[in-house]
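The values are calculated or read from the model by the stated rules, or taken from the named source; none is laboratory data. From a predicted model like this one, the values you see are computed outputs, not experimental measurements. Glycine gets a Cβ as well: all are built from the backbone with ideal geometry, and neighbour counts include every protein chain shown.
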Amino acid sequence: MQAMSSSTVETIDLLDLKLLPAWVKEPAEPRSYAAYTGEEESGGQKVGHGPPRSRPKRRTPNFEHPRPNGDKRHCVAGRNRAGSIARRAHGTKDRRLPNRQVPATRTPPVTVGFLPYAVAFENVATQIKSGSVAYSLFALARLFLDKPVGYEVRLTTKGEPPLYQLGDNGTVSLDREFLDQNAFRFAHRDFYQIEVVETDPIKGNFSNVARCRLSGTLLGPTNYHNYQPQLRTLYEQRFRRRMSFPDYQREIEIVSDAALIERWKEEVRRVTTYTTLHEETPVTFSSTLEAERHFRSHYLPQSIRSVAEVTISGAMSRRLPDRRLSQAIEEAWARESRSPSRMMQELASRFRENGLHVFRHRRGMLFVSPIRVRAFVHEQAGVSSSVNAILEALAATPGINRKQFFESLIGDIAPEHAEPRRLALASDLRWLINEGYVIEFNDGSLDLPRAKVSPQKTVAAAEPATSFSTGSSAEPVEQFRTEAPLQLIWRQH
């Protein structure tokens with residue numbers, strides 16, 4: 001691959017590319033509840049009813065008049081009714097009420113899908129084409145899902161309501177009203193050039209300053225001319241969905257700290273100006289409130305559009321302001337990371353379109369390679385003894401690495417004969433790999449392609465298997481781990 005400037009690319013080393021899924025190689029350990037006592041949930045202290053055993057129970061003297069035994073149930077019922085009335089009066093819940101349910105969060109009607117980012121995919125496909133080794137499609141799918149720069153998110157609505165997007169590439173939400181109220185905050189940099197300038201120091205003596213308890217923002221003295229507009233702007237931008245304006249006003253405190261007053265004076269000196277970018281004659285606004293008014297009257301009506309399907313970047317999907325939509329994407333990403341079947345299907349289709357070959361190997365696992373693999377026919381004439389030795393060794397020890405492979409074929413021979421023998425084996429092995437008769441995985445292991453079994457051989461092989469007991473151990477699974485890390489190039493945008 002051609003070298004690129006560090007300002008446009010980012011090199012990521014994958015130090016542990018597993019060629020088999022974790023659920024095949026690493027069996028999950030079942031959790032045992034035999035010794036569970038219930039103390040873990042309460043910080044190690046056992047929760048019970050009544051005082052500890054070391055203390056004698058205090059008996060409350062009963063000053064009520066004695067009642068006949070037949071009236072006890074009426075007394076209990078009366079106390080229960082009185083307790084329920086008292087709990088309702090104090091706003092507490094009655095734990096004895098049946099069928100108490102916590103309202104569940106409604107799942108948004110959106111289908112979430114993950115796609116490989118086109119630029120990242122092109123770089124990975126180019127790197128695979130430049131070599132001759134095979135890579136696990138499962139591991140590559142997890143690689144693309146590992147970081148937001150490697151994937152895109154496709155959102156599709158199942159019906160009403162539709163999705164709403166701000167501009168062509170802006171943020172997405174299920175709530176149009178929410179997007180309308182916060183549109184300026186999300187998109188103001190696309191329409192205005194923002195500059196911060198310092199003005200002259202504020203003159204006058206101020207004995208106090210108003211401060212927002214929720215955000216810590218200094219709003220200035222209550223008699224300052226910009227106090228009310230700034231208070232209203234802060235409420236509209238950050239707290240409008242949480243409380244009413246009168247309730248928010250109760251969160252404003254008046255402090256007389258001289259240091260805070262001086263800090264407010266320095267903050268007021270820094271004025272933020274907004275200059276329009278899409279008008280023939282630029283207009284500059286000296287306050288956020290004026291700029292937002294201009295945005296709502298000139299840009300907002302045509303900025304929000306409804307869409308049935310939209311694709312956003314992985315980075316944007318992790319910072320969506322819509323909490324319901326963000327939670328749905330996070331849950332879908334967790335499921336796809338555990339079992340990336342859809343990403344594998346998308347990768348397999350794109351790899352085939354780019355001239356790469358996708359094939360199945362041990363236990364039906366999918367791999368991608370620049371070489372079309374095929375079984376070697378041993379009855380071919382003119383095959384050297386070295387080629388036969390390589391094929392027989394790989395058939396006897398599948399998944400062997402290169403070092404062990406050469407040691408097993410060369411053996412203990414004189415050094416003057418070992419090097420020519422090694423070179424001949426390396427040349428024949430390279431020919432077998434390039435022709436697809438031997439598979440070289442990216443961890444350095446070697447294996448033969450799966451041979452196609454005829455139906456007669458399949459039936460004959462299945463007959464003796466019926467004599468095995470159901471408790472027999474399963475076939476051991478070969479474990480492939482990456483010794484040579486795969487370096488992938490992601491372009492930053």
Can you say whether GLY204 is within 30 Å of SER287 (Cβ to Cβ), in contact with a helix residue (DSSP H, G or I) (Cβ under 9 Å, 6 or more places away or on another chain) and either part of a loop (DSSP other than H, G, I, E, B) or of a type in the set (A, V, I, L, M) (or both), as far as the supplied structure shows?
no
Which helices (runs of 4 or more DSSP H) does segment 245-313 wholly contain that include 3 or more residues that are closer than 26 Å to TYR164 by Cβ and either modelled with pLDDT of 90 or more or in contact with a Ser or Thr (Cβ under 8 Å, 6 or more places away or on another chain) (or both)?
288-298
Can you report the number of residues in segment 390-430 which are part of a helix (DSSP H, G or I), touching a residue at least 24 places away in the same chain (Cβ under 8 Å) and either small (Gly, Ala, Ser) or touching a Phe, Trp or Tyr at 6+ places or on another chain (Cβ under 9 Å) (or both)?
7
Sole miss for ARG242 among (1) touching a Phe, Trp or Tyr at 6+ places or on another chain (Cβ under 6 Å); (2) more than 28 Å from TYR192 (Cα to Cα) is condition (1)
Do you know which of the residues in segment 207-218 that are in contact (Cβ under 8 Å) with a residue 12 or more places away in the chain and assigned to a loop (DSSP other than H, G, I, E, B) is farthest from PHE295 (Cα to Cα)?
SER207
From (1) surrounded by 13 or more Cβ atoms within 10 Å (Cβ to Cβ); (2) closer than 18 Å to GLN181 by Cα; (3) of a type in the set (Phe, Trp, Tyr), pick out the condition that doesn't hold for PHE245.
(1)
Which of the strands (runs of 3 or more DSSP E) contained wholly in segment 107-167 include at least 1 residues that are under 20 Å from LEU347 (Cβ atoms)?
110-116, 151-157
Can you find even one residue in segment 313-321 that is crowded, with 19+ Cβ neighbours inside 10 Å, charged (D, E, K, R) and within 16 Å of the chain's Cα centre (by Cα)?
no
